[in-house]
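Working notes, beginning with the structure itself.
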Ligand code: DNO
């Protein structure tokens, strides 16, 4: 396993000179400016490689999967074809690990972005905020039926206690899209975007993923590319949207859909770790041969399906146990410190939520210390 760092490209407030001063072996980046669904040309890929200077482009995070593929619309075959062309172009440029997700409409979701915690500001998700958003702000029909009565009651009290600024903050965080998300919405366009999914049963949504994998995995195999699906974040249904990459059973199903090495996983310890019933060391052990990319992050679980992001070596995920398992992998797998506190000058430079410089560097240093310590103490 070796360390990498996510860089959002020339618009990232952290410069590539700063990134190149870090103790990493490669960069994780994507062509965020290319329209979702379009083929990434070799010229554009080469241009990004140039921008990375002497550092290798270790992982693409992400080649986004268009909503047309997720919904299996008439446009899906062409969109899948474009996806395959992008994989071929990446492979021609020597880039062979590709991350993607299959979350409908929303990518990672947080209701609060700067809740003060000891050690720095951090991001958080509050179950009650989310339920209040769903029932009262989005006013999704029958939303209340999706939650236990006790939570609806608590979320109602919570919503009534929120001032206008507080409500706006939750609304903005839900709709505007966090870094890496491909889209940003207002309330009307959000309602429109989620609508088709409210009629797609979970089983059909899974079939849509399977259809996509059946087409792209053979191309990936031929091109020497390893695909890595990123888990749902948070790993449960949000505002009624189907989510199918949340549990060990989901991962098992996905790996079986096309049982090839190229059909792999991105083990994101923070995303999966937000569910108490996900045993991360056991998942790392079980799927070791199919984990081609790792996000290391930690969370502190709170009542009411809530969590806060915590320091990389704090929180509810046993990072040493997860890493101990991952270090048994026969392949050299890239990992990146996922998210980080906002420390020192991070506040001044307005870094992307979760993607600070100093906070993430702290995470990188801690994780590298752990990795090197564990590696050194492993029997030969
Ligand atoms: C959040 C990220 C996600 C991730 C995508 C992968 O911090 O981990 O946005 O990049 O879900 O497709």
**OP:** Find the centroid of the Cα atoms in the stretch 195-212 and in the stretch 27-65, then give the distance between the two in whole Å.
**Re:** 28
Original post:
Using the count of nearby Cβ atoms within 10 Å as a rough guide to exposure, how do 246, 15 rank from fewest to most?
Top reply: 15, 246
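Nearest 5 is fine: what % of DSSP beta bridges in the chain come out antiparallel, could you say?
On the way: 12 of 37 bridges.
Taking every DSSP beta bridge within the chain, about 30 percent pair in antiparallel fashion.
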Original post:
If you look at just the Cα atoms of the stretch 210-249, how large are its Rg and its Dmax in Å?
Top reply: 13.1, 38
**OP:** Could you tell me what % of all Cα pairs in the stretch 123-191 have separations over 13 Å?
**Re:** 65
Original post:
What is the spin-label model distance, in nm, from residue 221 to residue 375 if the labels are put 7 Å beyond Cα along the C-beta direction?
Top reply: 3.1
Original post:
Using alpha carbon centroids, what distance separates the stretch 342-380 and the stretch 85-102, in Å?
Top reply: 27
Subject >> Simple spin-label estimate for residue 301 and residue 347 in nanometres, 7 Å along Cα-Cβ >> reply: 3.2
Original post:
Between residue 114 and residue 253, what FRET efficiency follows from the Cβ-Cβ distance if R0 is 30 Å, with the result rounded to 0.05?
Top reply: 0.25
Original post:
Once both labels are modelled 7 Å past Cα along the beta-carbon direction, what's the residue 168-residue 156 spacing in nm?
Top reply: 2.8
Original post:
Where does the chain land at 222 nm, in deg cm²/dmol rounded to the nearest 500, when only DSSP H runs of n ≥ 4 count, each adding -39500 (n - 2.57), divided by all residues?
Top reply: -11500 deg cm²/dmol
Original post:
Debye sum, Cα scatterers, the stretch 152-208, no solvent: what log₁₀ I/I(0) at q = 0.21, 0.30 1/Å?
Top reply: -0.96, -1.06
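With only alpha-carbon atoms in the gyration tensor, what are the semi-axes of the equivalent ellipsoid for the chain, in Å, largest first? Don't skip to the answer; put the middle values down first.
On the way: eigenvalues 179, 132, 88 Å².
They are 30, 26, 21 Å, listed largest first.
None of the figures in this text is laboratory data; all of them are computed from the coordinates on show. No experiment lies behind these values; they were computed from the predicted model shown. Here the Cβ is made from the backbone with ideal geometry for all residues, glycine too, and neighbour counts use every protein chain on show.
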